[in-house]
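Peer 1: Take this structure first; my questions come after.
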Amino acid sequence: MSTRVDPDLRREVARFGADDLDKCINCGNCTAVCSLSEGNTVFPRKTIRYLQLGLKEKLLQSPEPWLCYYCGECSDTCPRDANPGETMMALRRWATAQYDRSGHAAKFYTSAKRLWMAIFLRAMIPLVLLALFHAITGFKWIVTDHVELNTFAPVMWVWLAVVIHFIFLGYRVMSGSLTMSRHVLGASSQPFNLPFVVYLSELKTFLLHFFTQKRWRECGEQHHRRWLEHMFFVSGYLIMLLLVVGLLGWFQTDKIYPIYHPQRWLGYYATVALLYGSISMFVGRIRKRDQIHKFSDLTDWLFPGFLFVGALTGILLHIFRYADWPWPTYVMYVIHVMAMVAMLDVEVGIGKWAHMIYRPLAMYLVRLRERSEELALAAGAATPAAN
């Protein structure tokens, strides 16, 4: 089977952050020290070699960039300071752009101007919609002698907009996931004819790695604390997502719940987790002590930045609402929604957020390839006996 070489691939991926590729002599030290490189999924050496040779299709078929948790040990021990860990990070950005059919991911990763413009335009959507709503209704739904948030922003209308937005984002994620799956499964050496029940049974692999990210612990005991911090951060993100998408009518309310009510402590837990996680990322990137923080793309700053702004505005909104200050509550609500809409539109499926889906999906696809090969071997072994 012929393999097509793309001479522009190195320059293309360099735009996503792979700047030190010329230093790599493919010695294999990075693969030797990596705790996660095993079996048929060895990296970073093989993946970097594909990039050096311009084997674009091989890279797209490779799940290895998503199997890397960027512990930084490969970069710390590289004899040429080629930063293989950062190259794998750049390949994840590049792959995300390849999976995105809209082309927005490539534009946002390679042009700061386009990214900031997109953030501004997305943030303006809820502001414009609320302004139109109150202009059409003659501003009579703005109560100013006390706080009525659900009059200012009717919760059912807001929830409907959230669901529509969530469906759009879900379609984007599914589209990218299907594109990734076609590439990775297309690389199987065996005809891919697994029974449907296998696809369903192996979903446990996706769910396990989505909710636990347990392979991060295999990078070494020195990374266990970072794994715990990451799990705390992600749990807060998922709880906030559940409250907004699934339980908004219960969460956005003018009713004052007692401190022990689940609505309050779930919100407080999620807020603390998001604040702690985002501040921890900021501190790490400012100090640059760990390899994972030494090289930062703009998108590496934006993701924790969005979550910090979202958590902070959520806290202020909560305080203003309980203090019964109408205008500060309404203004902070609008700022909060603007930040969250902008974050979701430039992150989910096409930005830094994408690794939350593509990394466990890679584990799922690797497991499907293994099952396909197991069934092929079993069939081959059974054939001579039948004859």
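Peer 1: Just to check I understand the Karplus step: with θ = phi - 60° and J = 6.51 cos²θ - 1.76 cosθ + 1.60, what whole-Hz values come out for the stretch 157-169, glycine and proline as x?
Peer 2: Result, rounded to whole Hz: 5, 5, 5, 4, 5, 4, 5, 4, 5, 5, 5, 4, 5.
Peer 1: Beyond a 24 Å Cα-Cα separation, which of these cross-linked pairs lie in this structure: Lys56/Lys294; Lys23/Lys58; Lys107/Lys352? Don't skip to the end; give the middle numbers.
Peer 2: Numbers: Lys56/Lys294 27 Å; Lys23/Lys58 21 Å; Lys107/Lys352 14 Å.
From Lys56/Lys294; Lys23/Lys58; Lys107/Lys352, over 24 Å: Lys56/Lys294.
Peer 1: Same structure again: Specify which residue in the list Gly186, Phe211, His230 is farthest towards the positive end of the charge dipole of the stretch 104-371, using unit charges on the beta carbon of Lys, Arg (+1) and Asp, Glu (-1), about the Cα centre.
Peer 2: Gly186
Peer 1: Moving on to the next point. Relative to the Cα centre, what is the charge dipole magnitude of the stretch 272-387, using +1 at the beta carbon of each Lys and Arg, -1 at the beta carbon of each Asp and Glu, and rounding to the nearest 20 debye? Before the final figure, lay out each step's value.
Peer 2: Numbers: 11 positive and 9 negative charges, 73 e Å.
Rounded to the nearest 20 debye, it is 360 debye.
Peer 1: Using mean Cβ contacts within 10 Å as the protection proxy, how do 265-272, 222-229, 134-141 order, highest first? Mind dumping the intermediate values first?
Peer 2: Numbers: 265-272: 16.5, 222-229: 14.1, 134-141: 10.2.
Ranked by mean Cβ neighbours within 10 Å, highest first: 265-272, 222-229, 134-141.
Peer 1: Sort Ser201, Ser37 so the one with the fewest other Cβ atoms within 10 Å of its own Cβ comes first. Can you show the working numbers first?
Peer 2: Details: Ser201 12, Ser37 19.
Fewest-to-most Cβ neighbours within 10 Å comes out as Ser201, Ser37.
Peer 1: Turning to a different aspect of this structure: Grab the Cα-Cα distance for Ala131 and Tyr199, subtract it from 0.36 nm times how many residues apart they are, and report the gain in nm with one decimal.
Peer 2: Values: separation 68, 0.36 × 68 = 24.48 nm, distance 4.70 nm.
Working it through step by step, the gained length comes to 19.8 nm.
Peer 1: Quick check: the angle from helix 112-136's long axis to the longest principal axis of the chain, C-alpha only, nearest 10 degrees?
Peer 2: 30
Peer 1: Further, regarding this structure: Through the Karplus equation 6.51 cos²θ - 1.76 cosθ + 1.60, θ set to phi - 60°, convert the phi angles of the stretch 335-340 into ³J(HN,Hα) values in whole Hz; use x for Gly and Pro.
Peer 2: 4, 4, 5, 4, 5, 5
Peer 1: Can you work out the FRET efficiency for the pair Lys113 and Asp8, with r the C-beta to C-beta distance and R0 = 25 Å, to the nearest 0.05?
Peer 2: Values: r = 23 Å, r/R0 = 0.91.
The pair Lys113/Asp8 has a calculated efficiency of 0.65.
Peer 1: Shifting gears a bit: Taking the Cβ of Arg321 as the centre, find all other residues whose Cβ is under 15 Å away and add up their charges (Lys, Arg: +1; Asp, Glu: -1). Don't jump to the answer; show the numbers that get you there.
Peer 2: On the way: positive: Lys255, Arg264; negative: Asp145, Glu148, Asp254, Asp324.
Surrounding charge for Arg321 is -2.
Peer 1: Sort the following peptides by mean Cβ neighbour count (other Cβ atoms within 10 Å, averaged over residues), highest first: 342-354, 142-154. Please list the in-between numbers first.
Peer 2: Working: 342-354: 23.1, 142-154: 15.3.
My ranking of the peptides, most packed first, is 342-354, 142-154.
Peer 1: A further question follows. Could you rank the peptides 252-264, 40-52 by their average count of other C-beta atoms within 10 Å per residue, with the highest value first?
Peer 2: On the way: 252-264: 11.5, 40-52: 20.2.
Top to bottom by mean Cβ count within 10 Å: 40-52, 252-264.
Peer 1: Evaluate the Debye formula for the chain with equal point scatterers sitting on the alpha carbons, no solvent, and hand back log10 of I(q)/I(0) at q = 0.06, 0.14 Å⁻¹, in q order, two decimals.
Peer 2: Treating every Cα as an identical point scatterer, log10 I(q)/I(0) equals -0.28, -1.26.
Peer 1: Now a separate question. Check the chain for me: any Cys whose beta-carbon has no other cysteine beta-carbon within less than 4.7 Å?
Peer 2: Cysteines lacking a close Cβ partner in the chain: Cys24, Cys27, Cys34, Cys68, Cys78.
Peer 1: Tabulate in residue order the Karplus-calculated ³J(HN,Hα) for the stretch 280-295, using 6.51 cos²θ - 1.76 cosθ + 1.60 with θ = phi - 60°, rounded to whole Hz; enter x for Gly and Pro.
Peer 2: So the Karplus estimates, Gly and Pro as x, are 4, 5, 4, 4, x, 6, 6, 6, 6, 7, 9, 4, 5, 9, 6, 10 Hz.
Peer 1: Per the helix-only calculation at 222 nm, which mean residue ellipticity applies to the chain, given -39500 (n - 2.57) for every DSSP H run of n ≥ 4 and division by its residues, nearest 500 deg cm²/dmol?
Peer 2: On the way: 20 runs with 269 residues, N = 387.
So the helix-based figure for the chain works out to -22000 deg cm²/dmol.
Peer 1: What is the helix-to-structure angle for 355-386, meaning the angle in degrees between its Cα long axis and the longest Cα principal axis of the chain, kept from 0 to 90 and rounded to the nearest 10?
Peer 2: That helix lies at roughly 40 degrees to the long axis.
Peer 1: Still on this structure: If each residue of separation counts as 0.36 nm, what is the full-extension length gain between Arg225 and Ser175 once their alpha-carbon separation is subtracted? List each step's numbers first, then the result.
Peer 2: On the way: separation 50, 0.36 × 50 = 18.00 nm, distance 3.41 nm.
Contour length minus Cα-Cα distance gives 14.6 nm.
Throughout, read-outs are computed from the coordinates displayed, never taken from laboratory work. Values in this document were obtained by computation on a predicted structure and should not be read as measured data. Cβ atoms come from the backbone with ideal geometry, glycine included; neighbour counts cover every protein chain shown.
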